[in-house]
Amino acid sequence: VDFVSPKGGKAPVDPESLDLSDAINAKFWNDPALRGAVENTHTPSDVSAADYAGIFFAGGHGAMWDLPDNAELAALTSDIYEHGGVVGAVCHGPAALVNVKRSDGSYLIKNMWVAAFTNDEEREVGLDHVVPFSLADRLEQRGAHHDPAPNWKIKVCVSGRLVTGQNPASATRVGDAMLTMLQNASH
């Protein structure tokens, strides 16, 4: 497992998303090796799609600005998927997928079922007028079938080798689904 961010180096962490009262978050954040990986990420050009069986995009509102227009991440994602890999994203992480295209020019998410942070959840946190676009609407504009659950409920969609989750509560199940796919794949 390698950590990659658009610019490499220390990945920004949203203090509003850093909930150390959650035991899983605290265990991750307080692990020196994992914390070091977050503070010393690779750039997309540092890695080769051929070396990976999957790619995962974590959420956080920053993903809405940092990920959609990053051509290197889009190419990496497309290459991993087109060579049989698994693509996963949770919460605002699916923002990384809105501009990913397959080699035939079609959007990766076209005709796929996806879960992502909903318009209602965005309104509830008061950031619907702050984010650069509505994630749910953009996913649908790209041909995806956005399948929302009620606000803050766990929702995971598996569509082919694409695994997406609606919100932070869905993260563990996205990871579990990706792990199962990776373990059952012939990589």
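The values are calculated or read from the model by the stated rules, or taken from the named source; none is laboratory data. Since the model is a prediction, treat every value here as computed from it, not as a measurement. Glycine also receives a Cβ, built like all others from the backbone with ideal geometry; neighbour counts cover every protein chain displayed. When the accessible area is computed, the model is the full protein with side chains, heavy atoms only, and any ligands, DNA or RNA have been set aside. Shrake-Rupley method; radii C 1.70, N 1.55, O 1.52, S 1.80 Å.
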* Leading residue by the ranking (least open to solvent (accessible area, probe 1.4 Å)) among those in the range 1-12 that are assigned to a loop (DSSP other than H, G, I, E, B) and in contact (Cβ under 8 Å) with a residue 40 or more places away in the chain -> SER5
* Of all residues in the range 159-173 being out of contact with any helix residue (DSSP H, G or I) (no Cβ under 9 Å at 6 or more places or on another chain) and in contact (Cβ under 8 Å) with a residue 24 or more places away in the chain, which is surrounded by the most Cβ atoms within 10 Å (Cβ to Cβ)? -> SER170
* Structure fact -> Out of (1) under 21 Å from PRO148 (Cβ atoms); (2) open to solvent by less than 30 Å² (accessible area, probe 1.4 Å); (3) of a type in the set (A, V, I, L, M, F, W, C), the one VAL47 does not meet is (1)
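Residue-wise test of (1) within 14 Å of GLY59 (Cα to Cα); (2) charged (D, E, K, R); (3) under 15 Å from the mean Cα position of the chain (by Cα).
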site: VAL131; (1), (2), (3): yes, no, no
site: GLU140; (1), (2), (3): no, yes, no
site: ASP147; (1), (2), (3): no, yes, no
site: VAL174; (1), (2), (3): yes, no, yes
site: LEU179; (1), (2), (3): no, no, yes
* Just name the residue that is farthest from GLU121 (Cα to Cα) out of those in the range 136-155 that are open to solvent by less than 50 Å² (accessible area, probe 1.4 Å) and touching a His at 6+ places or on another chain (Cβ under 6 Å). => LEU139
* Extreme residue, farthest from LEU179 (Cα to Cα), among residues of the range 13-48 that are among the small types (Gly, Ala, Ser) and assigned to a helix (DSSP H, G or I) -> SER45
* Asked: What number of residues in the range 20-30 are open to solvent by 70 Å² or more (accessible area, probe 1.4 Å) and more than 30 Å from SER45 (Cβ to Cβ)?
  -> 6
* helices (runs of 4 or more DSSP H) wholly in the range 49-137 with at least 1 residues that are touching a residue at least 60 places away in the same chain (Cβ under 8 Å) and over 24 Å from PHE28 (Cα atoms) - which ones? -> 63-66, 71-82
* Given the conditions (1) surrounded by 15 or more Cβ atoms within 10 Å (Cβ to Cβ); (2) modelled with pLDDT of 95 or more; (3) not β-branched (Val, Ile, Thr), and given that HIS83 satisfies all but one, which numbered condition is not satisfied? -> (1)
* Asked: Which pairs have Cβ atoms under 8 Å, sit 6 or more apart or on different chains, and link a residue in the range 16-32 that is under 21 Å from GLY62 (Cα atoms) to one that is at pLDDT below 90 and of a type in the set (Ser, Thr, Tyr)?
  -> none
* Structure fact -> In the range 105-132, residues that are open to solvent by less than 30 Å² (accessible area, probe 1.4 Å) and of a type outside the set (D, E, K, R) total 9
* To do: Would you mind stating whether ALA96 is closer than 18 Å to ILE80 by Cβ and either touching a His at 6+ places or on another chain (Cβ under 9 Å) or crowded, with 19+ Cβ neighbours inside 10 Å (or both)?
  => yes
* Would it be correct to say that ALA89 is under 18 Å from ALA177 (Cβ atoms), touching a strand residue (DSSP E or B) at 6+ places or on another chain (Cβ under 9 Å) and open to solvent by 40 Å² or more (accessible area, probe 1.4 Å)? -> no
